[in-house]
Amino acid sequence: MGGNKKKTMASMEKEQAREEIRKLGASEKKKERPEDRNKSKSEFMMTLNDSEVMRVIKGMQFITPYQLSKATGVKMSVARVLLEQLRKKNLLETSGGYSGRYIYVQKAA
């Protein structure tokens, strides 16, 4: 009972134009990846060392991977790894969070 309604001429023309663009775009265009996508996490982390990260987070009351990634311009996964390394070196400690989304604070000296 029922079925699909008949499309209007305008919508059929638009659909046909979209299909032609897709066919041309797929055959002619190849996506180029930016250089940053090819870099590994270790290459990103080599650009930042512990003293630079500590300088960036010096005035912050608490630090999240999101805040660090925005402040330093690195990916969030890299920021998470950097914060975890600083925690292992006893420069930061976790004060909350859950499931890998931790909130870090600087250790009192």
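The values are calculated or read from the model by the stated rules, or taken from the named source; none is laboratory data. As the structure is a computational prediction, the values presented were derived from the model and not from experiment. Neighbour counts are summed over all protein chains in view; Cβ atoms, including those assigned to glycine, are modelled from backbone coordinates with ideal geometry.
Among the residues making up region 68-109, those that are in a helix (DSSP H, G or I) and without any contact (Cβ under 8 Å) to a residue 12 or more places away in the chain are 69, 70, 76, 84, 88.
Selection of region 44-75 for residues being surrounded by 13 or more Cβ atoms within 10 Å (Cβ to Cβ), among the aliphatic types (A, V, I, L, M) and out of contact with any strand residue (DSSP E or B) (no Cβ under 6 Å at 6 or more places or on another chain) yields 45, 48, 53, 54, 56, 60, 68, 71, 74.
Looking at the structure I just gave you, is residue 6 assigned to a loop (DSSP other than H, G, I, E, B), exposed (fewer than 11 other Cβ atoms within 10 Å of the Cβ), out of contact with any His (no Cβ under 9 Å at 6 or more places or on another chain) and at pLDDT 80 or above? Considered against the rule, which asks whether it is assigned to a loop (DSSP other than H, G, I, E, B), exposed (fewer than 11 other Cβ atoms within 10 Å of the Cβ), out of contact with any His (no Cβ under 9 Å at 6 or more places or on another chain) and at pLDDT 80 or above, residue 6 comes out as yes.
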